[in-house]
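Below is one structure, written out as structure tokens; the observations come after it.
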Amino acid sequence: MATISKLSTPTPTFFSLSSSFNSRSSSPHLPKVSVDFRNTGGFGSKLSSSSLSLRSNRSSGVSLVVRSSVSGNGSPTKKTTLHDLYEKEGQSPWYDNLCRPVTDLLPLIASGVRGVTSNPAIFQKAISSSNAYNDQFRELVQSGKDIESAYWELVIRDIQDACKLFEPIYDQTDGGDGYVSVEVSPTLADDTQGTIEAAKWLHKVVDRPNVYIKIPATAPCIPSIKEVIAQGISVNVTLIFSLARYEAVIDAYLDGLEASGLSDLSRVTSVASFFVSRVDTMIDKMLEKIGTPEALDLRGKAAVAQAALAYQLYQKKFSGPRWEALVKKGAKKQRVLWASTSVKNPAYPDTLYVAPLVGPDTVSTMPDQALQAFIDHGIVSRTIDSNVSEAEGIYSALEKLGIDWSHVGSQLELEGVDAFKKSFDSLLDTLQEKANSLKLVSP
């Protein structure tokens, strides 16, 4: 049994946690800790302070304070809005960031975070701006690993260690929550078979029940999703920007379940990451170019409207005879996950892409600022289908103004894939330079 009295951060962290939990696999990189999630999200371990705080001046940029009074038996008497989000409305709040030390996640878990997402851009920032990876990187290169292989070793360790921290949630929800996502190489976005092989490899080497393999929703990868699901591998489908592509993603999931041949489908799960804020970023520019009062009045409304319609599609597709036949085999719905929830336009409310998208059986993954904003002043209420007719009206009004939703989706997908490729290439260049500076390999 071990006690964590502080996290290994450059500045003091007011977080204390005692006890140990049984994990399926031990990790030499993490202390044994205990997180008690009784009462669907409560934090049962005794806290040394009534303030849970995480401050970091590393790449994560986290500055999160969660205040909770503690009762005599050590249980918080006041939960955060994230606990309420899950317990009252059935939405799982996840954290859209990951870096070392992964124990920085512990206060976030205590505040109600129930999963983690990562992507090439997140790892590019984490690894290139931190010395926490240097020792492992040096060992890898000295052992003969090439730069890209070393990159994957760094990533896999972070994913495995994060999975360990979220295992209690995964176990408590019987595989319904507590996932950590890792993405296949963005260079494979147009390679159907390459994506399948990469997903199988990642699933095997990470070797954790609560890992999600992220696959982009590009047209060449839709068949990849079906095949990977059929292989019994759980998937986070990412970079979804349009309703048409979202429907194709759902169908790929259903096709994969039906093709799996498994008698028990309960351990094959998925989320569909529907991107939000980037939609407004692009469409707002188009509306400003149109310039009419009607067009300008629609700024900041497109993304949430399309997301509301996506939720309607989700409800429609996961009902009826086809779905019920899969439910009999233990199948779980592919939850829609709201991604890209950070507000890009400072004129908009900082919870714009979280508060209006609250609904059951969904996930909202939030980067630091969005997470902190929602904890601080977010309102927990079912909003995702509170005004579907208004969402339909906005969607149609934008079409009448000449906004081509299909074009928007295709363009944003191209930009998203390109951005991840650039982050991936940039990180490999950074690692090569780091190797050279450490005199590990010849320039």
- Which of (1) without any contact (Cβ under 8 Å) to a residue 12 or more places away in the chain; (2) touching a Pro at 6+ places or on another chain (Cβ under 9 Å); (3) within 25 Å of residue 350 (Cβ to Cβ) does residue 418 not meet, given it meets every other one? (3)
- Message: For region 141-173, give me each residue that is of a type in the set (A, V, I, L, M) and over 20 Å from residue 183 (Cβ atoms).
- Response: 141, 169
- Residues of region 193-224 being over 25 Å from residue 168 (Cα atoms) and either outside any helix (DSSP H, G or I) or touching a residue at least 40 places away in the same chain (Cβ under 8 Å) (or both), in sequence order, are 215, 216, 217, 218
- Kindly provide the set of residues from region 400-434 that are acidic (Asp, Glu), under 25 Å from the mean Cα position of the chain (by Cα) and surrounded by fewer than 14 Cβ atoms within 10 Å (Cβ to Cβ), ordered by number. 418
- Message: Just to be sure I understand, how many residues within region 357-399 are closer than 23 Å to residue 283 by Cα, of a type in the set (A, V, I, L, M) and exposed (fewer than 15 other Cβ atoms within 10 Å of the Cβ)?
- Response: 1
- Query: How many residues does region 230-273 hold that are in a strand (DSSP E or B), hydrophobic (A, V, I, L, M, F, W, C) and either modelled with pLDDT under 95 or in contact with a Phe, Trp or Tyr (Cβ under 6 Å, 6 or more places away or on another chain) (or both)?
  - Reply: 1
- Query: Counting just the residues of region 134-169 that are hydroxyl-bearing (Ser, Thr, Tyr) and more than 22 Å from the chain's Cα centre (by Cα), which one comes out surrounded by the fewest Cβ atoms within 10 Å (Cβ to Cβ)?
  - Reply: 143
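Given the residues 310, 347, 295, 331, which is the only one that is crowded, with 16+ Cβ neighbours inside 10 Å, of a type in the set (Gly, Ala, Ser) and in a loop (DSSP other than H, G, I, E, B)?
Step by step, each of 310, 347, 295, 331 is checked, and only 331 is crowded, with 16+ Cβ neighbours inside 10 Å, of a type in the set (Gly, Ala, Ser) and in a loop (DSSP other than H, G, I, E, B).
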- Take the residues in region 334-344 that are in a loop (DSSP other than H, G, I, E, B) and not aliphatic (A, V, I, L, M), then tell me which one is farthest from residue 252 (Cα to Cα). 344
- Sole residue being of a type outside the set (Phe, Trp, Tyr) and in contact with a strand residue (DSSP E or B) (Cβ under 9 Å, 6 or more places away or on another chain), chosen from 265, 239: 239
- Message: residue 315 - would you say it is within 20 Å of residue 391 (Cα to Cα) and surrounded by fewer than 20 Cβ atoms within 10 Å (Cβ to Cβ)?
- Response: yes
- Hey, does region 302-325 have a residue that's among the aliphatic types (A, V, I, L, M), without any contact (Cβ under 8 Å) to a residue 40 or more places away in the chain and out of contact with any helix residue (DSSP H, G or I) (no Cβ under 9 Å at 6 or more places or on another chain)? no
- Residue among 423, 364 that is in contact (Cβ under 8 Å) with a residue 60 or more places away in the chain, among the polar types (S, T, N, Q), touching a Leu at 6+ places or on another chain (Cβ under 8 Å) and not in a loop (DSSP other than H, G, I, E, B): 364
- Task: Check 237, 279 and return the single one that is β-branched (Val, Ile, Thr) and in contact with a Ser or Thr (Cβ under 7 Å, 6 or more places away or on another chain).
- Result: 237
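The values are calculated or read from the model by the stated rules, or taken from the named source; none is laboratory data. For clarity, every value in this text was computed on a predicted model and none was experimentally measured. Cβ coordinates were reconstructed from backbone atoms using ideal geometry, including for glycine residues, and neighbour counts include every protein chain displayed.
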